[in-house]
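The values are calculated or read from the model by the stated rules, or taken from the named source; none is laboratory data. Bear in mind that the values here come from a model prediction, so they are computed numbers and not experimental data. Please note: Cβ atoms are built from the backbone with ideal geometry, for glycine as well, and neighbour counts cover all protein chains shown. Quick note on the areas: whole protein, heavy atoms, side chains included, nothing else; ligands and nucleic acids left out. Shrake-Rupley method; radii C 1.70, N 1.55, O 1.52, S 1.80 Å.
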Amino acid sequence: MLLTITTTHRPATDLGYLLHKHPGRFQSYDLSFGQAHVFYPEASDGRCAACLLLDVDPVGLVRGRGGDGGGGSLLAQYVNDRPYTASSFLSVAIAQVFGSALGGRCKDRPDLATAPIPLEARIDVLPVRGGEAFLRAVFEPLGYAVEAERHPLDERFPEWGESPYFSVTIAGETTLADLLTHLYVLIPVFDGQKHYFVGEDELEKLLAKGGGWLARHPQKDEIARRYLRFRPSLYRQALARLVQEEQPAEAGPEGDERPADRAEDALERPLSLHEQRIGAVLAALRASGARRVLDLGCGEGRLLRELLKDKQFEEIVGMDVSIRSLENARDRLKLDRLPERQAARIRLIHGSLIYRDRRLEGFDAAAVVEVVEHLDPPRLSAFERAVFEFARPRAVVLTTPNREYNVTWEGVGADRLRHSDHRFEWTRQEFRDWAERVAGQHGYRVRFLPVGPVDEALGPPTQMAVFERD
Ligand code: SAH
């Protein structure tokens with residue numbers, strides 16, 4: 001990861017004073033997550049460039065933290081983009097290596113530290129959630145000219161498409177302290193990953209470094225939300241304080257974090273995408289008024305367990321093609337030990353969704369959660385008939401991954417599918433087209449709902465369709 005700061009202010013080598021780093025030296029610094037190096041590829045009167053090269057050690061990170069370093073598979077902890085992309089690590093490095101410059105302090109050239117000079121910062125590379133439009137929406141209101149070059153996932157395989165990684169240059173007349181502050185606050189905003197530093201003092205840092213410019217920024221809500229995305233209560237607090245800064249006379253102080261916020265954090269943080277999906281499907285099934293429900297491709301029974309807890313569902317049938325999954329479901333649900341009345345409500349059956357099956361007829365609703373993408377495309381039409389023509393429940397609640405969202409995740413394989421057994425993953429448009437055709441052919445209405453955090457450009461991680469007929 002490389003940050004290059006260039007000036008054409010004369011004499012340009014004054015940049016060395018501003019950064020407190022001698023243009024003639026190569027200097028290295030040990031940081032908690034790796035090493036930072038500072039050097040000047042160019043240092044003349046007319047033009048001077050300083051590089052901050054970050055060498056993030058992903059293995060050290062995992063070892064240092066012990067156990068699961070922030071979720072994800074073991075492989076993803078070791079093989080990921082952290083060493084190569086600008087993230088909150090870069091912010092930490094800016095604060096530690098260019099601390100005086102960030103604070104606007106310069107003993108040798110105090111006037112220069114407060115004078116706007118022509119400056120340019122180039123970042124190789126920045127993962128940009130929200131794409132170039134968001135990049136411009138963030139930097140242009142601060143007076144920068146923005147250049148962005150998007151990189152393909154792999155130059156040798158253009159058909160894999162674009163990556164979320166950009167080489168970004170921002171240029172303007174500004175003080176070095178402002179430029180570094182903008183980078184410090186804004187770089188983590190583009191990155192889709194959990195920040196390296198997420199603590200109570202995050203809010204203070206954001207507000208202290210953000211100062212007046214953040215309160216006036218047209219994207220301030222989105223910036224604060226992304227910056228503090230793993231701490232919803234802090235996000236609300238930050239927004240409240242930004243509003244306060246803007247209208248000091250009107251808004252009274254918000255006070256401390258409410259206990260309810262903490263409870264909400266505790267509730268929201270561990271809610272995995274899978275749990276959100278089950279919650280969304282459950283809500284749709286409840287709203288349909290169904291009493292007799294099918295869970296088609298029930299897997300190990302995670303939805304079944306929730307259905308059992310709700311008395312609205314009087315008859316629950318889980319079906320899967322995998323005997324092993326059904327056995328696991330039976331064990332997890334402790335079906336052998338359920339009280340008789342509970343046991344009478346639920347059945348597991350073995351079967352395949354690509355054949356007509358009379359046991360599936362006459363139900364109010366069916367859930368098909370993360371199953372279609374496991375079917376071979378030539379079998380899809382058989383599945384459509386089995387569910388919508390023959391089983392024909394009044395409502396079908398179906399979820400599947402949104403392929404567009406995959407670029408935001410580390411560790412999604414080179415083929416960019418989330419799971420090795422997925423035969424395909426649909427974009428939002430492909431899913432819509434499929435679902436609308438199926439609904440039209442079989443006399444259903446269909447509506448679409450997002451599941452999980454919605455990215456403004458890429459949509460939600462999971463897409464859900466609710467089919468209903470009269
Ligand atoms: N719905 C579950 C499991 C999703 S994994 C959940 O959300 O946790 C996909 C499941 O679909 C697997 O359990 C797999 O065995 C099942 N499946 C795949 N092809 C199937 C078919 N043709 N008929 C029935 N189930 C199938």
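For the reader, a short list of remarks on this structure follows.
- Apportionment of accessible area to carbon and sulfur, segment 367-454, percent (1.4 Å): 49 percent
- Distance (nanometres) between label positions extended 7 Å along Cα→Cβ at residue 436 and residue 108: 6.5 nm
- Annotation: amide H-H contacts under 5 Å for residue 427 (H modelled 1.01 Å from N, sequence separation of 5 or more, or interchain): 403.
- With q set to 0.15 Å⁻¹, the log10 of I(q)/I(0) for segment 259-469, from the Debye formula over equal scatterers at the Cα positions, is -1.00.
- Take segment 2-196 with all the other protein chains still there, run a 1.4 Å probe, and you get 44 Å² of accessible area per residue.
- When restricted to Cα atoms, segment 78-170 yields an Rg and a Dmax of 16.4, 53 Å, respectively.
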